[in-house]
Amino acid sequence: MKALHDPKGILKTGLDAIRAEFSVPPSFPPQVLAAATRAAAKTPSAHRDRTDVPFVTLDPATSTDLDQAFAIEQTGSDLLLRYAIADVAWFVEDGDAVDIEAWHRGETLYLPDGKAGLYPPVLAENAASLLPDGPRPAVVFTVRVAPDGEVGLDGVERSLVRSRAKLAYDRVAESDLPQGFAELARRIAAAEDRRGAARVDPPQQEVVGLGQGRFALAYRPMLLSEERNAALSLATNLAVAKALLAHRTGLFRVMAGPDAKAVARLRQSASALGLGWPDAMDLKDFERGLDAADPAQAAFMLAIRRAGSGAGYAPYHPGAEPWHAAIAAPYVHATAPLRRLADRYVIRAALALANGEAVPDAVTAAFDRLPEVMARADTIAARIERAAVDLAETVMLHGREGETFHAVVTDSDGASARIQLESLPIIARTKLPEPVAPGRKLAVRLDKASPESRQLTFVAI
């Protein structure tokens, strides 16, 4: 889970209740497990031998569902990224038991203490995963990255690859990585700045014990290795989006930016957190300068993440350019097929087009069906994440009932207000004795902090 980490199991009881509430599946039906076991034994036969390419993976140390491996080489002034993506479609056939279950799930669901996978572990964490214990089938995207960070797709092929090393974010050394890794990330970041992209990766919140039954939420900013690694996926997804648009097909990730009302609320949140946001500076420029190592700025990054209208999926339609406001460009999801259903079909389309073939009818039909399926899965994932954060906040404040906190009103509908606590990264609602304009500072008393119901109740005083 991006938002929350619970390494010591402080939230276990509450997380078990969340699993029950949202019907998070504990495993897979027997027929799905049996079909996955049969699929895992399938021998690659349509893949070029690329085991001589020095691919590596870079992920959290404990991850075993490895979607991506990469190699980088210099060619003139350009960098050539070879991005190997798990070839899930090689193992999962349209209409088989594994496929049907994946369409039911849509995506892997994450909680702070575990996950409910999109595919059974025999595939996701073994045969289809790009682990370094043997050759694996993959779809290799060759992405050309120019000195200015512009990207293009040079080719896509089914390949047999062998990862040389399973590298971990928190212990990787510069010498472990291919030459050009840092330079590629720099180029992609420069292109983002030039486009005016507003992509913000909030820090992870971690539940920590303070002793005497009290807890707090601390922040863990992204490591430099994580930020640079994300540039590889971004470059690939941008290049694939360009290629699909050129052929007038595809499934795109789309998102509108925060509306004026949301931006106004964010300005009040920034004020509550003591951040100086100049009136003349727009949100994109302000958020690009945020430092996740600073707790107040980290809290504001989380507020930005919650303020948008949310991203969705849209198939290509003539005359309607797909747009992702945070990326400031057309964008697809193609690099995490072990965790997102939609990626499998985007990969199949890119593979066909790059090799002069028509996009399979099953893929085109899937593009029309996937937005609804993925929206449902994204909604469930977001509700689970929100519930886990609510749980952590109530655990943090439990036992502090009766205390007074200072807050700023970020939005008001007359009878109640949304408030941002000044000292903690918590947004809540409180009833008001009279209408209060956004920006007004309030003193509020905590009346209830219930981990069982995940509810906080504040009263204006």
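Residues that are aliphatic (A, V, I, L, M), in a loop (DSSP other than H, G, I, E, B) and over 13 Å from G114 (Cα atoms) are absent from segment 21-28.
Being touching a Lys or Arg at 6+ places or on another chain (Cβ under 9 Å) and among the acidic types (D, E): is that true of D378 here?
Details: touching a Lys or Arg at 6+ places or on another chain (Cβ under 9 Å): no; among the acidic types (D, E): yes.
No; evaluated as a whole, the condition is false for this residue.
Annotation note: Cβ proximity below 7 Å between a residue of segment 410-433 that is in a loop (DSSP other than H, G, I, E, B) and a residue that is β-branched (V, I, T) and crowded, with 18+ Cβ neighbours inside 10 Å (sequence gap 6+ or interchain) occurs for E422/V408. Considering each residue of segment 417-428 in turn, none proves to be more than 25 Å from D294 (Cβ to Cβ) and among the hydroxyl-bearing types (S, T, Y). Do we find that Y313 is buried (at least 20 other Cβ atoms within 10 Å of the Cβ), in contact with a Lys or Arg (Cβ under 9 Å, 6 or more places away or on another chain) and assigned to a loop (DSSP other than H, G, I, E, B) in this structure? When the stated conditions are applied, Y313 does not pass them. Checked against (1) at pLDDT 95 or above; (2) β-branched (V, I, T); (3) in a helix (DSSP H, G or I), T249 passes all but a single condition, namely (3). Can you tell me which residue within segment 65-92, out of those that are in contact (Cβ under 8 Å) with a residue 60 or more places away in the chain and in a loop (DSSP other than H, G, I, E, B), is farthest from A146 (Cα to Cα)? Among them, the one singled out is V92. Those residues that are touching a residue at least 12 places away in the same chain (Cβ under 8 Å), out of contact with any strand residue (DSSP E or B) (no Cβ under 9 Å at 6 or more places or on another chain) and more than 22 Å from I426 (Cβ to Cβ), I need them from segment 13-30; list them, please. Correct list: F28, P29. Filtering A102, A61 for residues that are in contact (Cβ under 8 Å) with a residue 24 or more places away in the chain and surrounded by fewer than 17 Cβ atoms within 10 Å (Cβ to Cβ) leaves a single hit, A61. A single entry from T62, T51, T37, T43 fulfils the requirement of being among the β-branched types (V, I, T), within 19 Å of the chain's Cα centre (by Cα) and outside any strand (DSSP E or B): T62.
Which one of S163, S175, S129, S159 is in the same structural domain as L244 (by TED's automatic domain parsing), free of Cβ contacts under 8 Å to residues at least 12 places away in the same chain and polar (S, T, N, Q)? Break it down stepwise before answering.
Working: S163 fails: free of Cβ contacts under 8 Å to residues at least 12 places away in the same chain; S129 fails: free of Cβ contacts under 8 Å to residues at least 12 places away in the same chain; S159 fails: free of Cβ contacts under 8 Å to residues at least 12 places away in the same chain.
Answer to the selection: S175.
Residues in segment 316-329 that are out of contact with any helix residue (DSSP H, G or I) (no Cβ under 9 Å at 6 or more places or on another chain), part of a loop (DSSP other than H, G, I, E, B) and over 21 Å from G196 (Cβ atoms): P318, G319.
Suppose we filter G209, G250, G196 for residues that are closer than 27 Å to L4 by Cα and out of contact with any Pro (no Cβ under 6 Å at 6 or more places or on another chain); which single one remains? Show your work before the answer.
Values: G250 fails: closer than 27 Å to L4 by Cα; G196 fails: closer than 27 Å to L4 by Cα.
Checking each option against the conditions leaves just G209.
Taking each residue of segment 316-339 that is in contact (Cβ under 8 Å) with a residue 24 or more places away in the chain and looking for partners that are of a type in the set (D, E) and surrounded by fewer than 19 Cβ atoms within 10 Å (Cβ to Cβ) with beta-carbon atoms closer than 7 Å, six or more apart or interchain, yields P330/E321. The residues in segment 437-450 that are of a type outside the set (V, I, T) and closer than 17 Å to E403 by Cα can be counted, and the count is 9.
Just to be sure I understand, how many residues within segment 273-305 are buried (at least 18 other Cβ atoms within 10 Å of the Cβ), in contact with a helix residue (DSSP H, G or I) (Cβ under 9 Å, 6 or more places away or on another chain), touching a residue at least 40 places away in the same chain (Cβ under 8 Å) and assigned to a helix (DSSP H, G or I)? The total comes to 7. Identify all residues within segment 330-356 that are more than 24 Å from T64 (Cβ to Cβ) and part of a loop (DSSP other than H, G, I, E, B); write none if there are none. Selection gives P330, Y331, V332, N355, G356.
The values are calculated or read from the model by the stated rules, or taken from the named source; none is laboratory data. These numbers were taken from a predicted model, which means no experiment stands behind them. Neighbour counts are summed over all protein chains in view; Cβ atoms, including those assigned to glycine, are modelled from backbone coordinates with ideal geometry.
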